[in-house]
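What follows is a short report on a single structure.
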Amino acid sequence: MGGNALLLVGVAALAIYTGVHWERARRAVRDLELGRRRVNGLKQAVTRERGHVAIITVVVVLALYVVTRYG
């Protein structure tokens, strides 16, 4: 095997190695985007649930006040 053939094999191996890592990086970025969307959805759900709990708490406190004051 001559020097040029060995150089060609080395360049081909480097191209394959780089391609594999490029694809892994691309998939990692895609997974990161999906994870961020999932986290944002969970944050919205938490905010919504906290709002519901606050409303329920206010209603319960008002009901207890009315019952103790006028009951």
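Taking the range 32-71 as the range and being over 16 Å from the mean Cα position of the chain (by Cα) and acidic (Asp, Glu) as the test, only Glu49 passes.
For Val29, the requirement of being under 20 Å from the mean Cα position of the chain (by Cα) and of a type in the set (Val, Ile, Thr) is met.
Conditions (1) modelled with pLDDT under 90; (2) open to solvent by 70 Å² or more (accessible area, probe 1.4 Å); (3) not basic (Lys, Arg), marked per residue:
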residue: Gly3; (1), (2), (3): yes, no, yes
residue: Leu7; (1), (2), (3): yes, yes, yes
residue: Val29; (1), (2), (3): no, yes, yes
residue: Glu33; (1), (2), (3): no, yes, yes
residue: Gly41; (1), (2), (3): no, no, yes
residue: Gln44; (1), (2), (3): no, yes, yes
residue: Gly51; (1), (2), (3): no, no, yes
residue: Ala54; (1), (2), (3): no, no, yes
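The values are calculated or read from the model by the stated rules, or taken from the named source; none is laboratory data. Please read all numbers here as calculations on a predicted model, not as lab measurements. Side chains are part of the model used for accessible areas, which takes the heavy atoms of the whole protein and leaves out ligands, DNA and RNA. Shrake-Rupley method; radii C 1.70, N 1.55, O 1.52, S 1.80 Å.
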